[in-house]
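Chemist: My structure is below; once you've seen it, I'll send some questions.
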Amino acid sequence: MYTRGAATVAGVWGDRRPRRGQDGTVSWTVILPVKRLVVAKSRLRGALPGANHEALVLAMAMDTVSAALASSVVGRVVVVTTDHAVSDLAVAVGADVIQDVPDAGLNPALAYAATLVRPKGATASLPGVAALPADLPALRTEDLTAALRAAEEVAWSTAGTAYGPEPLRGFVPDAAGIGTVLLAAPPGARLEPCFGWGSAVAHVSSGAVELTGNWPGLRRDVDTAADLAEAVALGVGPRTSAIGVSAHSGEDLGSNPTLIGPSATGA
């Protein structure tokens, strides 16, 4: 099932928007998986004194969604979730929502949504599909746009060459170089998500090409208090800022040592 506006519709649907974006480049459908708020980002819980944890997670997700929606190369943003609060707000800001039917983790959610937005056997005339984590509160629209353009360039430079008949997927590692913050499958390529701990290596092993660029907000996913402090230093979106993170210093956010360490998901 998916939601658009106030309507909930059963069945498989396709992304029927034009393949070209507002600026003439490939139009991308961006998929963001969001866990139920009560269980999401458990290692971040307590990082912001006095703040509601679920509200913080939701704010970060919606700032990420809004940044993606504003990109000139993005034709649609789709949120995959089972959380009603997430669904309602995602629709309100302009995203579509797909029910996370597998409800079995990040990769099954992404794979399921990808089959709906671009059904099996769809031609290369359909948009590219990109997976983006929903914990990028410092994401800048221009950084996402540049990264997706880079993915398009890589795809067409390798299509039909020794790499194989399909254009290659591109991915952007996180700030630590261990996880993944963007996986982009251009028209004609399957998404094949490999998110999880060490996903950067996993995506390379699966044939994806690393995209390089100075995109600090895109690379700064938030799993710990230290991550949140770095995101605040970069400048977070309005919803995350409204929760009160900007009122806390990096020392405040990173003061709890139990919250600091490598990401448990490596997303």
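Chemist: Amide H of V129: which non-local residues (sequence gap of 5 or more, or other chain) have their own amide H closer than 5 Å, using H built in the peptide plane?
Modeler: So V129 has HN proximity to T29, A185.
Chemist: Right, another one. Fewest to most neighbouring Cβ within 10 Å: what's the order for L116, L56?
Modeler: Details: L116 21, L56 25.
Ranking L116, L56 by Cβ neighbours within 10 Å, fewest first, gives L116, L56.
Chemist: Quick one: net charge around I178, please, counting Lys, Arg +1 and Asp, Glu -1 for every other residue with C-beta under 14 Å from its C-beta. Write out the running numbers ahead of the final one.
Modeler: Working: positive: R219, R220; negative: D174, E210, D221, D223, D227.
Counting the neighbours of I178, the net charge comes to -3.
Chemist: Exposure proxy check: T212, T82 ranked by fewest other beta carbons within 10 Å? Walk me through the intermediate numbers first.
Modeler: Values: T212 11, T82 14.
Neighbour counts put them in this order, fewest first: T212, T82.
Chemist: With the Cα gyration tensor of the range 19-219 giving a ≥ b ≥ c as the square roots of its eigenvalues, does the rule (a/c under 1.5 for rounded; else a/b larger than b/c for prolate; else oblate) give rounded, prolate or oblate?
Modeler: Details: a/c = 1.64, a/b = 1.51, b/c = 1.09.
It comes out prolate by the Cα gyration axes.
Chemist: Report ³J(HN,Hα) in whole Hz for each residue of the range 35-42, in order, from the Karplus equation J = 6.51 cos²θ - 1.76 cosθ + 1.60 where θ = phi - 60°; Gly and Pro get x.
Modeler: With coefficients 6.51, -1.76 and 1.60, one gets 5, 4, 4, 5, 10, 6, 6, 4 Hz.
Chemist: When a footprinting reagent is the concern and you count Cβ atoms within 10 Å, what order do S42, S205, S66 take, fewest first? Write out the running numbers ahead of the final one.
Modeler: Working: S42 13, S205 10, S66 18.
Final ranking by Cβ density, sparse to dense: S205, S42, S66.
Bear in mind these aren't lab numbers, they're just calculated from the coordinates by the rules spelled out. Keep in mind the model is a prediction, meaning the values are calculated, not measured. Virtual Cβ from ideal backbone geometry, glycine too; neighbours counted across all protein chains shown.
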